[in-house]
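First up is the structure itself, then whatever we jot down about it.
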Amino acid sequence: MKNHVIKEYITELAGRGMLEKCVSVTAEAENAEVKGLTYDSRESEPGTLFICKGAAFKKEYLESAAEKGAICYLSQEEYEGAAIPGIIVRDIREAMPVAAAMFYSRPWEELTVFGIGGTKGKSTSAYYMKSVIDDYLEEKGEKESAIVSSIDVYDGVESFESHITTPEAVELQRHMRNALNSGMKYLEMEVSSQALKYNRLDEIRLDVGIFMNVSEDHISPIEHSSFEDYLTSKLKMFAITDTAVVNLGSDCIDRVLEAAGASERLVTFAVGEDREADFTAYNIRKNGMGIDFTVKSSGKVGEAFNEEFSLGMPGFFNVENALGVIAGAVSAGIPVKNIRSGLLKARSKGRMETTLSRDGKILAILDYAHNKLSFEKLYGSMKEEYPGYRIVGLFGCPGGKAFNRREELGRIAGRNSAKVYLAAEDPGKEKPGDISDQIAVYLREEGCPYEIIDDRGEAIAAAIKEAERIASETGEKTLLLITGKGHETRQKVGTEYLPCISDAEYIEKYIKEYDERVNS
């Protein structure tokens, strides 16, 4: 990784037509070496090129960065009286990935990068792919792969819980550089519509880009103004992809395939033996808590095969996620034996995690499902896979965005549940009770009983207590679908992420207490 001087950043931005002007950049300033890159003034240090971005940016942040040693600022706006020189650009979002690519020396060029896009299934598919790749790497005696997901990030240096799907260009390229410097060769990442819309992936190439599906979501004043804006943003992934792997079962498939023409190679997959795709899955059946299925490959990439695969977690809909991973992994040259082994071992933290009470009367399933498409697939699959259980849902909706979810999730859960518990789910600046009241309108219209309990721990405890009562009085079993937060240990309240106990911990605690009560 080579350090560049300020003049080289100016030259690169000017050559791309992004530069508006330079402010107080003397010959001495031009030759100053950039040793750090950040838009967070708290991370500024001597030699930093400081990025001024965001609607909430204040000049005080620039002053703080300068006090800590920043040598120049990069901005869309000139700040009069700034203590350090400035590089003013036409669009800071376009300029950020260019600066990041220079600073981190284009690390993706030496990695094999898998990107997964879609409304539903990104995180599950990312962890399926990681399990497959890690199985292959373990056999070769090499280091595990890196991952950047909405659940967590691991790059060989940093490991932490995420609260965003795809980070800004500066962080994303830092994670890639960390992975490369740590001796890693592969990286899996989720690709969000927001990241594509706001240029976070500019300057990066994906070796394999898997497009799972698209359904209306993230429509709000702070996300996407319309479904067309959302779809157009999603489809930008193909312009930065070498091999596009496309689900023929996706909505808007004609638009998707047209956009996929921007990639160098197209590989298709679909669930259903009658589908004409390069990879098809069929003969799907339940096997205990897992799923077995057959996959036929046409041989367009790799050798043709007709093989059995298994997943160690429930959810018929996960076959579609696994099939995309199979197609993507084969396209990248991963042996089928490692794909089979990796998928069988694969677990995605907080995705279809099951906890069964000792007497089998309560089955709690933890999942991050949070939008229309994921709810449709989750509830539909659970009704089919667990016909002997009454279904009880527990969820909420985020504050300040994706307002359409309140009706969509309310109606889907209402149509398919014996009862629903509504709880806080990153309410932000809204009151949790107000959000729940809006969802409850649609539960009532669907004739579904419900309770509003803001505290998620109390809601989970109440749901298990009621399942206990039902089991005692009627012998009926309960399937409790706890969705939205998974293993997250932070809840967004106001503008802050506050510490909280995860749903996973609550489930373990209250199922254990149930077991002790009924077996005492």
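The values are calculated or read from the model by the stated rules, or taken from the named source; none is laboratory data. Owing to the predicted nature of the structure, the values given are computational and were not obtained by experimental measurement. Cβ: placed from backbone, ideal geometry, glycine included. Neighbour counts: every protein chain shown. Areas reflect the complete protein model, heavy atoms only, side chains present, ligands, DNA and RNA absent. Shrake-Rupley method; radii C 1.70, N 1.55, O 1.52, S 1.80 Å.
Helical content alone sets the calculated 222 nm signal of the chain at -11000 deg cm²/dmol, taking -39,500 (n - 2.57) per DSSP H segment of four or more residues and averaging over every residue.
In region 110-251, what % of DSSP beta bridges are antiparallel (nearest 5)?
On the way: 5 of 24 bridges.
So the antiparallel bridges in region 110-251 amount to around 20 percent.
Mean projected area of the Cα convex hull of region 75-164, taken over all directions, amounts to 8.7 nm².
The H on the amide N of LYS477, modeled in the peptide plane, is under 5 Å from the matching H of ARG390, each at least 5 residues off or on a different chain.
Across all Cα pairs in region 176-278, the calculated P(r) in 5 Å bins from zero up to the longest distance comes to 2, 12, 20, 22, 18, 13, 8, 4, 1, 0 percent per bin. Lys/Arg Cβ at +1, Asp/Glu Cβ at -1, dipole of the chain taken about the Cα centre: which of SER125, ASN318, TYR136 is farthest positive-ward? Toward the positive end, the furthest listed residue is ASN318. Using a cut-off of under 20 Å, list every residue of region 97-123 whose amide N is near the label point 7 Å from the Cα of ARG275 along the Cα-to-beta-carbon line. It comes to 115-123, nothing else. Restricting the calculation to Cα atoms, every distinct pair contributes to the Kirkwood radius of region 399-501, found to be 14.5 Å. With both residues required to sit in the chain, DSSP beta bridges show an antiparallel share near 35%.
Treating the beta-carbon of each Lys and Arg as +1 and of each Asp and Glu as -1, no other charges, what is the dipole magnitude of the chain about its Cα centre, to the nearest 20 debye? Show your work: numbers first, answer last.
Details: 64 positive and 86 negative charges, 129 e Å.
About 620 debye.
Taken along the Cα-to-beta-carbon direction at a fixed 7 Å, the label points for LEU356 and LEU266 span 4.4 nm.
Relative contact order for the chain: what percent, with Cα pairs under 8 Å and sequence separation of 6 or more?
Details: 1154 pairs, mean separation 54.1, N = 520.
Value for the chain: 10 percent.
Spacing of the modelled spin labels on THR294 and GLU473, each 7 Å from Cα toward Cβ, amounts to 4.7 nm.
Among residues other than PRO335 whose Cβ falls under 12 Å from its Cβ, what is the net charge (Lys/Arg +1, Asp/Glu -1)? Neighbour charge sum, excluding PRO335 itself: -1.
Extension gain, VAL441 to ALA304, is 44.1 nm, computed as 0.36 nm per intervening residue step minus the present C-alpha separation. For trypsin sites (Lys or Arg not before Pro), the sites in region 416-476 that DSSP calls loop and that have at most 11 other Cβ atoms within 10 Å are LYS429.
One decimal place: the segment ARG93-GLU80 gains 2.5 nm when fully extended, by the rule 0.36 nm per residue minus the C-alpha distance.
Hey, quick one: spin label on LYS383, modelled 7 Å out along Cα-Cβ, who in region 408-431 has an amide N within reach, i.e. under 12 Å? Under 12 Å, as judged by backbone N against the label point of LYS383, lie 412-418 of region 408-431.
For region 1-82, would you read off the P(r) tail past 19 Å as a percentage of all alpha carbon pairs? Walk me through the numbers before you get to the answer.
Values: 1151 of 3321 pairs.
Summing the P(r) of region 1-82 above 19 Å gives 35 percent of all pairs.
Full extension of the chain between ARG285 and LYS349 gives 20.7 nm of extra length, using 0.36 nm per residue less the Cα-Cα distance.
Carbon and sulfur atoms: what percent of the 1.4 Å accessible area of region 79-137 do they account for? Could the numbers behind the result be given before it?
Working: 600 of 1470 Å².
Its accessible area is 41 percent carbon and sulfur atoms.
Put a dot 7 Å past the Cα of ALA418, heading toward its Cβ, do the same for GLU60, and the two dots end up 5.5 nm apart. Considering only ALA327, GLY350, ASN338, whose Cα is most displaced toward the positive end of the charge dipole of region 322-371, charges sitting on Cβ of Lys, Arg (+1) and Asp, Glu (-1)? Of the options given, the answer is ASN338.
Only four residue types carry charge here, +1 at the Cβ of Lys and Arg and -1 at the Cβ of Asp and Glu. Report the dipole size of region 64-223 about the Cα centre in Debye, rounded to the nearest 20. Don't skip to the end; give the middle numbers.
Working: 15 positive and 28 negative charges, 44 e Å.
Dipole magnitude for region 64-223 comes out near 220 debye.
With all protein chains kept in place, the per residue accessible area of the chain amounts to 40 square angstrom at a probe of 1.4 angstrom. One Cα centroid belongs to region 64-135, the other to region 396-455; the line between them spans 35 Å.
Net charge of the neighbourhood of ALA101, taken over other residues with C-beta under 15 Å away and scored Lys/Arg +1, Asp/Glu -1, is -1. The share of C-alpha pairs in the chain whose separation exceeds 32 Å stands at 47 percent.
Projecting the Cα positions of VAL98, GLY433, LEU201 onto the charge dipole of the chain (unit charges on Cβ atoms of Lys, Arg, Asp and Glu, taken about the Cα centre) puts GLY433 furthest along the positive direction. For region 71-124, the calculated P(r) over all alpha carbon pairs, in 5 Å bins from 0 to the bin holding the longest distance, is 4, 15, 15, 15, 14, 13, 10, 7, 5, 1 percent. Computed over region 369-439, the alpha-carbon pair-distance distribution with 10 angstrom bins reads 20, 53, 22, 5, 0, each value a whole percent. The H on the amide N of MET212, modeled in the peptide plane, is under 5 Å from the matching H of GLY117, GLY118, each at least 5 residues off or on a different chain. Note: relative contact order over region 362-520, using C-alpha pairs below 8 Å and six or more positions apart, is 30 percent.
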